[in-house]
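Okay, so here's the structure we're looking at.
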Amino acid sequence: MSRNHASPSAGTLPEGGKARRVYLHLQQEITRGLHPVGASLPGEQKLAVTLEVSRVTVRRALDALERDGVIERRAGSGTTVCEPRSQPAMAADFSTLMPQLVEMGQNTTARLLSFSYGAAPGNVAAAMGLQPRERVQVAVRLRLAEGIPFSHLTTWVPEEIAQGYTEAELATTPLFRLLERSGVKVTSADQSVSATLAPPDVAEVLGISIGAPLLSLDRVVRDAKGRGVEYLSALYRPDMFKLEMSLSRVGAGEGRHWEPVIQAPKKDAAE
């Protein structure tokens, strides 16, 4: 896990599909360094012709980029790219993602947004192997790095296990520690990573636009009997969190291929 200067923030997307397309196009070019810090962007008219949109559409996109601090506009001197805002950024090696996410839980703070009991969604119940109408404890937490929200976490835990800890304890203690204290022996997990768009409730607490891209991680944790003891649905801001992987070229002849370099997990990592 590392910290660096973040890319331009998710910000507030402009209204209108074309303006959003221009906004994202220019933001991506700036992020990739096609327009370095201090460089001047083409004028509104040239951008409108190049991107095949109206000048009004370009202006809306530039207004949004300026609000985000990505560019600076001055009458008579044009539009220039600003220095990226410095903010916490997390990076995790994909091959050792689990222990690094656990370590992240120790080095960041969390805010409990909701705590309740009820039925799990169908996909969660199926993944955990729950019985029909089996109740679960569902918690929604916001994780922050140096006070800035970067992930939205929802967990489902079978009620009989969740009775071993309180709402107040979950607000201050990593869930893995509470599960282990309750006698759960975690032995395996399956997890997947994909991308999604921010719904209104998540966008509000993460401080991003509705529909902004998010990194999505889903994980099912099981005990020694193969029983699902936790389902995690985590959403991460891509401007503050990224996955990295080191690869080695192995094999010989036509069988030569890429393999991930597996790093030894840190011994003290425990969520």
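Pairing each residue of the stretch 169-186 that is over 15 Å from residue 142 (Cβ atoms) with any residue that is of a type in the set (Phe, Trp, Tyr) and surrounded by 14 or more Cβ atoms within 10 Å (Cβ to Cβ), provided the two are 6+ apart or on different chains, yields C-beta distances under 6 Å for 178/165.
Looking only at the stretch 233-247, decide whether some residue is more than 19 Å from the chain's Cα centre (by Cα) and in contact (Cβ under 8 Å) with a residue 12 or more places away in the chain. Yes, the stretch 233-247 contains at least one residue that is more than 19 Å from the chain's Cα centre (by Cα) and in contact (Cβ under 8 Å) with a residue 12 or more places away in the chain.
Where residues in the stretch 149-172 are crowded, with 16+ Cβ neighbours inside 10 Å and aliphatic (A, V, I, L, M), which of them is modelled with the highest pLDDT? By that ranking, first place goes to 157. Restricting the stretch 1-34 to residues that are farther than 19 Å from residue 80 by Cβ and touching a strand residue (DSSP E or B) at 6+ places or on another chain (Cβ under 8 Å), the residue that is modelled with the highest pLDDT is 10. How about the stretch 224-243: which of its residues are within 27 Å of residue 127 (Cα to Cα) and among the acidic types (Asp, Glu)? The answer is 230, and nothing else. Do you know which of the residues in the stretch 126-148 that are out of contact with any Pro (no Cβ under 8 Å at 6 or more places or on another chain) and aliphatic (A, V, I, L, M) is surrounded by the fewest Cβ atoms within 10 Å (Cβ to Cβ)? So, considering only residues that are out of contact with any Pro (no Cβ under 8 Å at 6 or more places or on another chain) and aliphatic (A, V, I, L, M), the one surrounded by the fewest Cβ atoms within 10 Å (Cβ to Cβ) is 126. Figure legend. Inter-residue proximity from the stretch 188-202: first residues loosely packed, with under 14 Cβ neighbours inside 10 Å, second residues among the hydroxyl-bearing types (Ser, Thr, Tyr), beta-carbon distance below 8 Å, spacing 6+ or different chains. Indicated pairs: 194/216; 195/216; 196/216. Counting only residues that are buried (at least 19 other Cβ atoms within 10 Å of the Cβ) and closer than 22 Å to residue 20 by Cα, the stretch 204-233 holds 5 of them. Looking at the stretch 236-271, which of its residues are at pLDDT 85 or above and among the hydroxyl-bearing types (Ser, Thr, Tyr)? The answer is 236, 248. Can you tell me which residue within the stretch 131-169, out of those that are among the β-branched types (Val, Ile, Thr) and under 16 Å from the mean Cα position of the chain (by Cα), is farthest from residue 218 (Cα to Cα)? Across the stretch 131-169, the extreme among qualifying residues is 148. Selection of the stretch 49-77 for residues being out of contact with any strand residue (DSSP E or B) (no Cβ under 8 Å at 6 or more places or on another chain), in a helix (DSSP H, G or I) and among the charged types (D, E, K, R) yields 55, 59, 60, 63, 67.
The values are calculated or read from the model by the stated rules, or taken from the named source; none is laboratory data. These figures come from a predicted structure and were not determined experimentally. Backbone-built Cβ (ideal geometry, glycine too); neighbour counts: all protein chains shown.
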